[in-house]
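Take this structure first; my questions come after.
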Amino acid sequence: MFKFFRKLILFLFVGHLLYIVALKWINPPITITQINEIVTQQKFSRDYISGADMGTNIKLAVIGSEDQKFPTHNGFDLDGIQKAFESNQDGKKLRGGSTISQQVAKNVFLWQGRSWVRKGLEVYFTFMIEKIWGKERILEVYLNVAEMGIGVFGIEAASEYYFNKPAKDLTKNEAARIAAALPNPRKYNVNPPSSYISTRARSIERQMRNIQGMPGLTEAIGEK
């Protein structure tokens with residue numbers, strides 16, 4: 001029995017490693033979150049595109065709003081994790097513990113929810129994609145698989161859904177509005193925007209300007 005489980009663990013590890021390597025060049029066929037959406041909502045819209053076809057505005061918007069240290073961290077924002085931990089200890093809610101890399105690890109390889117098992121696996125997959133994929137590919141996959149509305153996955157589908165245009169043609173404000181809703185795309189209205197989204201989008205536009213010129217940014221967004 002011990003030998004069986006040892007072989008099983010080795011098989012799963014090698015299989016996952018090969019899958020991670022393959023996804024450096026190919027897009028995830030489907031994710032657990034997408035399957036759940038198809039089953040529960042019977043609504044699914046997704047259109048994978050290359051990073052070059054996404055345009056610059058949405059890349060700056062999600063980095064400015066979700067993870068400003070993305071170009072330089074190793075997959076984990078230790079300061080953000082510490083603040084989130086302290087906030088939980090105080091009984092408060094604080095968003096900001098998860099980086100874009102961690103969100104990709106969760107969205108592509110794992111399931112939604114809060115458990116120590118999932119978080120442990122998330123650490124492993126985050127470390128692996130940082131080493132194997134690199135920042136540019138991580139950001140591209142994030143913008144292709146993130147849920148950006150009920151049953152709407154990826155920036156191309158979201159751009160067409162909200163603004164009837166391809167992602168590369170999004171204005172700074174339109175990109176900022178989509179990014180503003182990412183914490184809970186099922187709750188917030190992007191177009192027409194709620195007052196919260198409008199206010200947050202203006203803040204994100206300022207962050208988009210502020211992060212330009214930061215070390216590693218041009219490489220992360222694919223503009224070497």
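The values are calculated or read from the model by the stated rules, or taken from the named source; none is laboratory data. Keep in mind it's a predicted model, so treat the numbers as computed, not measured. Methodologically, a virtual Cβ is constructed for each residue, glycine included, from the backbone with ideal geometry; neighbour enumeration extends over all protein chains shown.
Can you find even one residue in the range 119-134 that is crowded, with 23+ Cβ neighbours inside 10 Å and of a type in the set (Asp, Glu)?
no
I'd like the full set of residues that are surrounded by fewer than 12 Cβ atoms within 10 Å (Cβ to Cβ), part of a loop (DSSP other than H, G, I, E, B) and of a type outside the set (A, V, I, L, M, F, W, C), limited to the range 16-49.
Residues satisfying the conditions are Pro29, Gln42, Lys43.
Do the conditions hold for Ile63, that is, is it over 21 Å from Val145 (Cα atoms) and either outside any loop (DSSP other than H, G, I, E, B) or modelled with pLDDT under 90 (or both)?
For Ile63, the condition - over 21 Å from Val145 (Cα atoms) and either outside any loop (DSSP other than H, G, I, E, B) or modelled with pLDDT under 90 (or both) - is not met.
Follow-up question, since we're still on this one. Restricting to the range 175-224, count the residues that are on the phi > 0 side of the Ramachandran plot and without any contact (Cβ under 8 Å) to a residue 24 or more places away in the chain.
1
Just to be sure I understand, how many residues within the range 3-62 are under 19 Å from the mean Cα position of the chain (by Cα), basic (Lys, Arg) and under 23 Å from Pro185 (Cβ atoms)?
Looking only at that region, the number is 2.
Further, regarding this structure: Looking only at the range 195-224, filter to residues that are in contact with an Asp or Glu (Cβ under 8 Å, 6 or more places away or on another chain) and not β-branched (Val, Ile, Thr); which one of those is nearest to Ile49 (Cα to Cα)?
Gly222
Can you find even one residue in the range 163-185 that is buried (at least 24 other Cβ atoms within 10 Å of the Cβ), at pLDDT 95 or above and basic (Lys, Arg)?
There is at least one residue in the range 163-185 that is buried (at least 24 other Cβ atoms within 10 Å of the Cβ), at pLDDT 95 or above and basic (Lys, Arg).
Considering only helices (runs of 4 or more DSSP H) fully contained in the range 109-200, which possess at least 1 residues that are closer than 30 Å to Leu12 by Cα?
116-132, 135-145
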